[in-house]
Amino acid sequence: MKDLEQLRKEIEKIDSELIRLMIKRNEIAKEVGLLKNKKGIGLRNIDVEKKVMERYRRMSENTLLPPDVAEAICKLLIDSSVELQSGLLNKKCEKKISIVGGSGGMGQWMKRYFERMGAEVNIIGRSSGSPTDAEDSDVVIISVPPSAISATLKKMVPFCKEDALIFDISSIKSPFADDIKEMAKHRKVCSVHHMFGPSAKTMLDRNVVICDCGCKEAVSEVADLFDSEGSNLIFTSIERHDELMAYVLAFAHASNIVFFTTLRESGISFDELNKIASTTFKRCLNASVPVSEENAPLYHEIQRLNDNIDDMWDVFEKAFKEVKKASLSKDPDRFIEIMESGKEYFSDHQ
Ligand SMILES: O=C(O)C(=O)C[C@]1(C(=O)O)C=C[C@@H](O)C=C1
């Protein structure tokens, strides 16, 4: 029988071989990406991905490698090749772009994104640049907190070229919806919301919401700027945006804040709870811990400045009371019904 050292040496050899093959796989995926670019073929092919995953499952059936594990590895490999290919989609944008408030995380992200496409980007921040720097810009992006958008738009627009494309990237639109719609009657203005934070490496599979404020030309130009690297563009009105954000942002943040506040109020230390964590508890932590580390003043604006926030809290309180009543009732029927309705509500979710 081989000793432990020998066996570990064998595993090490296999690991190097696996890494070598995975690198080779990505090199070929890069070639596929370049060919797709040349032929103008879309980035992802879901049918091919399904076939590749089936292949992994089939090859691992009746072996010591469970098919679920083989499939998970396959998914990681495909994600990696798609990410690599998305970085090759070097769409061109040879415009002059000013980012007002661009020293923040998302402003810097926009700078990197547009520079990757060849744009000339300048930042107009509190300590650098002045509104006159936007005078010859083709695109002016407003990247300041939601409560400061209206005033910033009013200050910047007189300095912008007549045909400049102007848009904000605020996560909440209620505080300036009327002002921006008024502006869009005379200027190429619309409103954008990127549904990701500054850590996103590329646009791959990222949602970008484009709100029509009344100027169709602005919407189509913005769509062209963000239709890149495998992004998903979602078009909506500025009002619907905030109705949806009351749940996608405000409720999602609030329920996570309630989660960690409840734990803290319980009087039990986090360490003690975390030591015996269950799968669901760990999943909740995965969402809740990053929320606790977020930009608190911005998160407060997302709660406070959405015109639909009262409706959301009414629904939240009603749901909370219902779930509490059903959970404490001796009769399980209502509780089961609530669980089944949830499953049905999510039935389209893959
Ligand atoms: O076959 C392709 O078109 C590839 O780009 C390769 C690959 C893969 O990694 O297997 C990656 C992305 C596609 O969506 C499908 C498959």
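Bear in mind that the values in this text are calculations on the coordinates, not laboratory data. Since the structure is predicted, the reported quantities are computational estimates derived from the model, not experimental observations. No Cβ is skipped: glycine too gets one built from the backbone with ideal geometry, and neighbour counts run over all protein chains shown.
Taken over region 4-86, lysine pairs spaced eight or more positions apart, or on distinct chains, with alpha carbons under 23 Å apart number 20.
Reducing region 234-286 and region 9-52 to their Cα centroids gives an inter-centroid distance of 36 Å. Cα-based radius of gyration for region 96-236, normalised by 2.2 N^0.38 Å, reads 0.94. Computed from Cα atoms alone, the Kirkwood hydrodynamic radius reported for region 222-350 is 17.8 Å. Karplus-based coupling profile of region 332-340, in residue order and whole Hz: x, 3, 5, 4, 4, 4, 4, 4, 5, with θ = phi - 60° in 6.51 cos²θ - 1.76 cosθ + 1.60 and x standing for Gly or Pro. Close amide H contacts of ILE123 (hydrogens built in the peptide plane, cut-off under 5 Å, sequence separation of 5 or more or a different chain): ILE99.
Plugging the Kirkwood radius over Cα pairs into Stokes-Einstein for region 65-132, at a temperature of 37 °C and a viscosity of 0.692 mPa s, what D comes out in µm²/s?
D, rounded to a whole number, is 225 µm²/s.
Have a look at ALA246, SER269, GLY87 and report the one farthest towards the positive end of the charge dipole of the chain, computed about the Cα centre with Cβ charges (Lys/Arg +1, Asp/Glu -1). Sorting the options by dipole projection puts first GLY87. Loop-located GluC sites (Glu not before Pro) in region 90-166 (DSSP state other than H, G, I, E, B) with a sparse environment of at most 10 neighbouring Cβ atoms within 10 Å: GLU94, GLU162. The trypsin sites (Lys or Arg not before Pro) found in region 243-349 that occupy coil by DSSP, while having at most 15 further C-beta atoms within 10 Å, are LYS330.
The simple spin-label model puts a point 7 Å past each Cα toward its Cβ; for ALA296 and ASN62 those points are separated by 6.1 nm. Most simply put, region 63-156 has about 0% antiparallel DSSP beta bridges, counting only bridges with both residues inside it.
By the count of neighbouring beta-carbon atoms within 10 Å, fewest first, LYS173, LYS154, LYS96, LYS38 end up ordered LYS38, LYS154, LYS96, LYS173. In the neighborhood of ASN37, defined by Cβ-to-Cβ distances under 13 Å, what is the net charge if each Lys or Arg adds +1 and each Asp or Glu adds -1? Taking every Cβ under 13 Å from that of ASN37, the sum is +4. Under the convention that each Lys and Arg Cβ holds +1 and each Asp and Glu Cβ holds -1, the size of the dipole of the chain around its Cα centre is about 940 debye. This model, with +1 at the C-beta of Lys and Arg and -1 at the C-beta of Asp and Glu, gives region 124-243 a dipole about its Cα centre of some 320 debye. Among the GluC sites (Glu not before Pro) in region 282-340, those placed in a DSSP loop whose Cβ has at most 15 other Cβ atoms within 10 Å are GLU293, GLU294. Which values of log₁₀ I(q)/I(0), to two decimal places, follow from the Debye formula for the chain at q = 0.10, 0.12, 0.13, 0.15 Å⁻¹ with a uniform point scatterer at every Cα? Debye curve over Cα of the chain, log10 I(q)/I(0) at q = 0.10, 0.12, 0.13, 0.15 Å⁻¹: -0.85, -1.10, -1.19, -1.32. Between SER199 and ALA223, the FRET efficiency estimated from the beta carbon spacing at R0 = 25 angstrom works out to 0.55. Largest GNM mean-square fluctuation across ASP79, ASP227, ASP271, computed for the chain with C-alpha springs under 10 Å, falls on ASP271.
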